[in-house]
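Take a look at the structure below.
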Amino acid sequence: MQQVWSLRVDVHILDHNGNLADAASLSALAALLAFRRPEVTLEAGGGGEGQQVVVHPPDVREPLPLSIHHTPLCITFASFQVPIASPYCTYACYWCPG
């Protein structure tokens, strides 16, 4: 018998003004990096049952961080053409031509 930890990250969106996927993936990654799982040990079970899994409470043994080997990031980028004229440009704007 093999036992594994199963984690699920739910992201609740309250409001957004763009880059929703970027913000959701960054917040999920931060939650996973901050998560600490309880430490477990395997003890020999009685009556030929094999091994018994013992989950230790946090006050007995320090919880362990997840082993995350790669940290994927969702990054959105765009390329804009410099406008010829814009009503928002002043002489101090660095993106306005001339």
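Looking at the range 1-12 only, could you name the residues that are over 15 Å from the mean Cα position of the chain (by Cα) and farther than 30 Å from GLN52 by Cα?
Across the range 1-12, there are no qualifying residues.
Could you check SER27 against (1) more than 25 Å from GLN2 (Cα to Cα); (2) polar (S, T, N, Q); (3) in a loop (DSSP other than H, G, I, E, B); (4) modelled with pLDDT of 75 or more and say which number it fails?
(3)
Could you check how many residues of the range 14-49 are closer than 16 Å to THR76 by Cβ and loosely packed, with under 10 Cβ neighbours inside 10 Å?
2
What number goes with the only condition from (1) under 12 Å from the mean Cα position of the chain (by Cα); (2) exposed (fewer than 10 other Cβ atoms within 10 Å of the Cβ) that PRO57 does not pass?
Going through (1) under 12 Å from the mean Cα position of the chain (by Cα); (2) exposed (fewer than 10 other Cβ atoms within 10 Å of the Cβ) one by one, PRO57 breaks only (1).
Does the range 77-89 include one or more residues that are modelled with pLDDT of 85 or more, assigned to a loop (DSSP other than H, G, I, E, B) and either surrounded by 11 or more Cβ atoms within 10 Å (Cβ to Cβ) or not β-branched (Val, Ile, Thr) (or both)?
no
The values are calculated or read from the model by the stated rules, or taken from the named source; none is laboratory data. If you're wondering where the values come from, they're calculated on a predicted model, not measured in any experiment. Neighbour counts are summed over all protein chains in view; Cβ atoms, including those assigned to glycine, are modelled from backbone coordinates with ideal geometry.
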